[in-house]
Amino acid sequence: MTTQQTPTATWTPPPVRRDEFDASGDTAEPVGSRAVGLRVAGVDKTYTTRRGDVHALSDIDLEVGRGEFVSLVGRSGCGKTTLLRVLSGLLAPTAGTVEAGDRPAWVAGRRDDAVFAEFGLVFQEANLFPWFTVVDNVALPLKLRGVGKAERRARATELCATVGLTGFEDSYPRELSGGMRQRAAIARALACDPSVLLMDEPFGALDAMTRDRMNLELQQIHAVSGTTVVFVTHSISEAVFLADRVVLLTPRPGRIRSVTPIDLPRPRTVEVEATAEFGELVVGLRRQLDEED
Amino acid sequence: MTTSLDRDTDTRTDGAPPPPVDADATPAEGESPWMRRLPWVSGPLMLVALLGIWQFAVSVVGVSEFILPAPAAVVGALGDLFADPEIGSHIGVTLFEVLAGFGIALVVGVAVGATLGRIAWLQRAVQPALVALQVVPKVAFVPIFVIWFGFGPTSKIIMAALLAFFPIMLNVMLGVRSVDRGHRDVMRGLGASKWATFRDMELPTTLPYVFAGAEVAIVFSVIGAIVGEYLGGSQGLGYLVVSSLNALDAPRLFAVIVLLAVLGSLLYVAVTTVKKVVIPWHDSVRTGV
Ligand SMILES: Nc1ncnc2c1ncn2[C@@H]1O[C@H](COP(=O)(O)OP(=O)(O)OP(=O)(O)O)[C@@H](O)[C@H]1O
Ligand SMILES: [Mg+2]
């Protein structure tokens with residue numbers, strides 16, 4: 001269990017055949033045919049506000065392999081959402097480069113939709129459209145891709161079942177609880193078979209039991225689809241449970257403090273949380289967080 | 001580049017858009033059946049009370065027939081009005097003026113509001129003119145419209161349209177600016193085309209604002225048309241009011257006013273009904289029966 005302490009010396013992938021490289025290494029997970037890797041180099045982000053500049057991210061170098069599962073943890077306000085928005089191509093960095101599948105995100109000031117529109121995004125808020133029913137919200141990515149009405153309804157209904165929303169397909173978002181809305185948002189992100197799944201504290205609004213179930217479900221989705229996942233969370237144990245690597249951010253400005261590989265065997269079950277190895281990883285990460293004060 | 005992609009305030013909210021201006025504050029959820037039925041009970045009760053006080057004033061206090069005719073006399077006058085073959089054309093003329101004015105205001109108001117809402121510099125440029133027009137008592141223009149457009153329906157239609165235009169335009173302007181940042185992220189993340197973004201996000205966001213404006217505007221259109229008819233012409237319910245006044249026929253005067261009230265209410269109900277059909281998802285539309 002090695003922990004790299006220098007922010008810039010993040011884990012280096014094999015130099016050859018980058019597009020085929022599988023970060024999970026020795027594990028037997030399939031890499032999704034659609035999955036792509038992500039790379040950010042020298043990324044800096046400064047927000048300009050009325051009350052001066054906010055330096056949100058500083059000198060971020062991070063590589064996420066095809067099919068890899070990376071968790072981002074850190075204090076509130078340390079820049080996790082900002083980094084995720086940069087990775088998604090929704091937010092242009094002030095400096096540095098962002099690439100997906102070896103294609104730059106920004107060409108002449110415009111996002112390359114050919115690659116980045118294939119991502120599945122789950123935001124910190126559910127961001128469902130109140131004018132669509134649950135099933136129509138989930139089917140939105142399919143609608144935008146020109147999938148026929150009957151087909152997208154069938155697919156969206158399946159996805160609702162995956163996230164445990166059966167029976168609520170025809171409800172409006174306002175009729176759902178916060179956790180149910182978030183699950184609908186996850187289903188929407190999965191609808192177009194994403195090449196990369198970027199999730200910003202998706203389970204924050206869920207109770208512990210539902211959260212455990214959703215974690216197992218997400219692990220399953222990752223294992224089956226082989227998609228690349230970047231997962232932001234406040235919970236260190238959740239991060240360790242799910243990830244191939246845990247990236248720890250420190251605040252003001254947001255920097256990568258450490259990258260911790262998680263070599264726990266997969267598939268992981270809730271029992272893994274009782275193992276000494278798991279405990280050590282969690283304690284180690286928690287100690288790093290506490291050292292900040 | 002960055003600023004155009006991401007605004008710098010982080011005050012996102014989730015779910016339904018904030019209620020548009022001027023929308024009736026109608027609590028949608030957690031309403032007991034008793035609360036829902038209350039207006040249906042209190043409405044008739046208030047009507048009965050009003051009629052009681054009215055009858056009391058006439059028969060006990062003895063208010064003069066010319067000032068306040070008895071309810072029965074007004075009902076009688078209403079009967080006479082409907083017996084008159086002319087009445088249909090009077091109602092038709094007023095209805096036509098109201099609907100034409102409202103229609104023009106709707107089309108122009110949505111177009112202008114959407115344009116100003118999207119083009120910030122243009123909005124700022126025309127701001128002084130808008131404020132000036134808004135604070136001016138517009139009904140004062142009626143005589144001018146009569147000079148310009150004659151005593152026919154045109155001057156009334158223009159008056160109705162002018163009054164109805166502002167609530168629609170202002171609401172739509174606000175509406176097109178009210179697109180939720182989180183919703184925008186969703187559409188941009190999916191690489192949605194301009195057309196899809198309009199169809200699935202901007203239009204549904206703005207529609208509640210259009211209806212909030214329309215609910216006010218339909219009432220204003222009726223006012224515009226009536227005031228126009230008061231001042232000139234020989235047709236319409238407004239004209240009937242004035243001619244009853246000139247004939248000192250108080251029961252008939254009251255009867256026409258009752259007719260106008262009913263007409264206004266029906267038009268308002270029509271607009272809210274359309275709203276319930278078009279945006280059933282919105283908070284201002286009550287769930288349940
Ligand atoms: N749109 C914005 N405009 C200005 N400053 C911003 C904006 N978004 C974020 N920031 C600032 O950038 C920093 C990082 O914010 P970010 O949302 O990325 O944090 P976070 O790690 O996701 O926090 P949390 O865990 O609470 O969601 C904060 O100091 C915040 O004030
Ligand atoms: Mg965040």
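The values are calculated or read from the model by the stated rules, or taken from the named source; none is laboratory data. Note that this is a predicted model, so its numbers are computed, not measured. Using ideal geometry, Cβ is built from the backbone for each residue, glycine included, and neighbour counts are taken over all protein chains shown. Accessible surface is based on the protein model in full, side chains and every heavy atom, while ligands, DNA and RNA are left aside. Shrake-Rupley method; radii C 1.70, N 1.55, O 1.52, S 1.80 Å.
So between A:R110 and A:D170, what do we pick up on full extension, going 0.36 nm a residue minus the alpha carbon distance?
Stretched fully, the A:R110-A:D170 segment lengthens by 18.0 nm.
Work out the mean other chain Cβ neighbour count within 10 Å for the residues of B:193-199 and drop it here as an integer.
The shielding value for this peptide is 1.
Is there a simple number for the mean count of other chain Cβ atoms within 10 Å of the Cβ of residues in A:120-133, and what is it? Intermediate results must be reported in sequence, preceding the final value.
Working: counts 2, 5, 0, 6, 3, 8, 4, 12, 6, 11, 13, 13, 3, 1.
Shielding by partners across A:120-133 averages 6.
Between A:S237 and B:R118, what FRET efficiency comes out of the Förster formula 1/(1 + (r/R0)^6) with R0 = 60 Å and r the beta carbon distance, rounded to 0.05? Walk me through the numbers on the way to the answer.
Numbers: r = 47 Å, r/R0 = 0.79.
The calculated FRET efficiency here is 0.80.
Suppose R0 equals 22 Å. What FRET efficiency, 1/(1 + (r/R0)^6) with r the Cβ-Cβ distance, do A:A161 and A:A276 give to the nearest 0.05?
Taking R0 as 22 Å, the efficiency between A:A161 and A:A276 is 0.05.
For the interface of chains B and A, what total accessible area is buried with a 1.4 Å probe, rounded to the nearest 100 Å²? Display every interim value, and only then the final one.
Working: alone 16600 and 13650 Å², together 27270 Å².
Answer for the B-A pair: about 3000 Å² buried.
Between A:L72, A:L165, A:L38, which gets the highest mean-square fluctuation from a Gaussian network model of chain A, Cα cutoff 10 Å?
A:L165
Across the range A:108-125, in residue order, what do the Karplus-derived ³J(HN,Hα) couplings come to in whole Hz, using 6.51 cos²θ - 1.76 cosθ + 1.60 with θ = phi - 60° and x for Gly and Pro?
Each residue's phi maps through the Karplus curve to give 6, x, 10, 6, 7, 5, 4, 9, 7, 6, 8, 6, x, 10, 10, 8, 5, 9 Hz.
Using only alpha carbon positions, build the gyration tensor of the range B:30-176, then give the equivalent ellipsoid semi-axes as the square roots of 5 times its eigenvalues, largest first, whole angstrom. List each step's numbers first, then the result.
Working: eigenvalues 319, 130, 51 Å².
Semi-axes from the Cα gyration tensor: 40, 26, 16 Å.
Obtain the nm distance between the two label points defined at B:W148 and B:D84 by a simple spin-label model: each point lies 7 Å from its Cα along the Cα-to-C-beta direction.
Result for the modelled spin labels: 3.1 nm.
Calculated from DSSP H runs of 4 or more alone, at -39500 (n - 2.57) each and per residue, what is the 222 nm mean residue ellipticity of chain B, nearest 500? It would help to have the intermediate numbers written out before the result.
On the way: 12 runs with 203 residues, N = 289.
Computed mean residue ellipticity for chain B: -23500 deg cm²/dmol.
Would you mind counting up the charge near B:L240? Only other residues with Cβ under 15 Å from its Cβ, with Lys and Arg at +1 and Asp and Glu at -1. Before the final figure, lay out each step's value.
Numbers: positive: B:K156, B:R252; negative: B:D80, B:D84, B:E86, B:E97, B:E229, B:D249.
Surrounding charge for B:L240 is -4.
How much FRET efficiency would the formula 1/(1 + (r/R0)^6) give for B:V278 and B:S234, where r is the Cβ-Cβ distance and R0 is 41 Å, rounded to 0.05?
Here the calculated transfer efficiency is 0.60.
Hey, any idea what the orientation-averaged projected area of the convex hull of the protein assembly as shown's Cα atoms comes to, in nm²?
34.5 nm²
Where in chain B are the helices, taken as whole DSSP H runs, whose Cα atoms extend 15 angstrom or more along the long axis and whose Kyte-Doolittle mean reaches at least 0.5?
Helices meeting the criterion: B:33-56, B:71-83, B:87-118, B:120-135, B:153-177, B:203-231, B:250-278.
What would the Debye formula give as log10 I(q)/I(0) at q = 0.12, 0.15, 0.24 Å⁻¹ for the alpha-carbon point model of the range A:100-208, no solvent?
Result of the Debye calculation: -0.42, -0.63, -1.30.
Using the per-residue mean of other Cβ atoms lying within 10 Å as a proxy for protection, in what order, highest first, do the peptides A:130-139, B:220-229 fall?
Averaged packing, sorted descending, gives the order B:220-229, A:130-139.
I'd like the antiparallel share, as a percent to the nearest 5, of DSSP beta bridges with both residues in chain A.
Around 55 percent antiparallel, to the nearest 5.
Counting heavy atoms of the protein chains only and a 1.4 Å probe, report the per residue accessible area for the range A:189-238 as a whole number of Å².
That works out to 32 Å² per residue.
Rounded to the nearest Å, what's the spacing between the alpha carbon centres of the range B:210-289 and the range A:231-248? Just the number, please.
What the calculation gives is 62 Å, centre to centre.
In square angstrom, what is the accessible area per residue of the range A:43-165 with a 1.4 angstrom probe?
Values: 4550 Å² over 123 residues.
I get 37 Å² per residue for this part.
Can you tell me which lysines have their Cα less than 20 Å from the Cα of B:K194? Leave out same-chain residues fewer than eight positions away.
Once the sequence-local lysines are set aside, what remains near B:K194 is A:K143.
If I fit a long axis through the Cα atoms of helix A:178-190 and take the longest principal axis of the Cα atoms of chain A, what angle between them do I get, 0 to 90°, rounded to 10?
Once rounded, one gets 90 degrees.
Average projected area of the Cα convex hull of the range A:129-193, in nm²?
Computed as one quarter of the Cα hull surface, the answer is 3.8 nm².
For chain A, take the longest principal axis of its alpha carbons; what is the angle in degrees between that and the long axis of helix A:208-225, to the nearest 10 within 0 to 90?
90 degrees
How large is the convex hull of the Cα atoms of chain A per residue, expressed in Å³ as a whole number? Walk me through the numbers before you get to the answer.
Numbers: hull volume 42.4 nm³, N = 293.
Roughly 145 Å³ of hull volume per residue.
Taking the Cα centre of the protein assembly as shown as the origin, how large is its charge dipole in debye, to the nearest 20, when only Lys and Arg (+1) and Asp and Glu (-1) carry charge on their Cβ atoms?
Values: 52 positive and 61 negative charges, 228 e Å.
For this selection, approximately 1100 debye.
Among A:R75, A:R145, A:R34, which one shows the highest mean-square fluctuation when chain A is modelled as a Gaussian network with alpha-carbon springs under 10 Å?
The residue that fluctuates most here is A:R145.
What residues qualify as long-range amide H neighbours of A:R75, i.e. H under 5 Å apart, gap of 5 or more or another chain, H built at 1.01 Å from N?
The list, which skips near neighbours in sequence, is empty: none.
If you take each beta carbon of peptide B:179-188 and count the beta carbons of other chains within 10 angstrom, what is the mean?
Mean partner shielding for this stretch: 5.
With n ≥ 4 as the cut-off for DSSP H runs, can you work out [θ] at 222 nm for chain A, using -39500 (n - 2.57) per run divided by the number of residues, rounded to the nearest 500?
Taken over chain A, the calculation gives -9500 deg cm²/dmol.
Can you compute the modelled spin-label distance between B:A140 and A:A41, with each label point 7 Å from Cα toward Cβ, in nm?
It works out to 7.0 nm between the two label points.
Quick one: which of B:57-67, A:105-115, B:108-118 comes out on top by average Cβ neighbours within 10 Å, and what's the full order, highest first? Before the final figure, lay out the partial values.
On the way: B:57-67: 11.4, A:105-115: 14.9, B:108-118: 19.2.
Result, highest mean Cβ count within 10 Å first: B:108-118, A:105-115, B:57-67.
For the protein assembly as shown, give the share of DSSP beta bridges that are antiparallel, in percent and rounded to the nearest 5; count only bridges with both residues there.
DSSP beta bridges in the protein assembly as shown are roughly 55 percent antiparallel.
Can you give the Rg to Rh ratio for the range B:69-286, taking only C-alpha atoms and Rh from Kirkwood?
Result for the range B:69-286 is an Rg/Rh of 1.08.
Please list A:88-98, B:188-198 highest first by mean number of surrounding beta-carbon atoms within 10 Å per residue.
A:88-98, B:188-198
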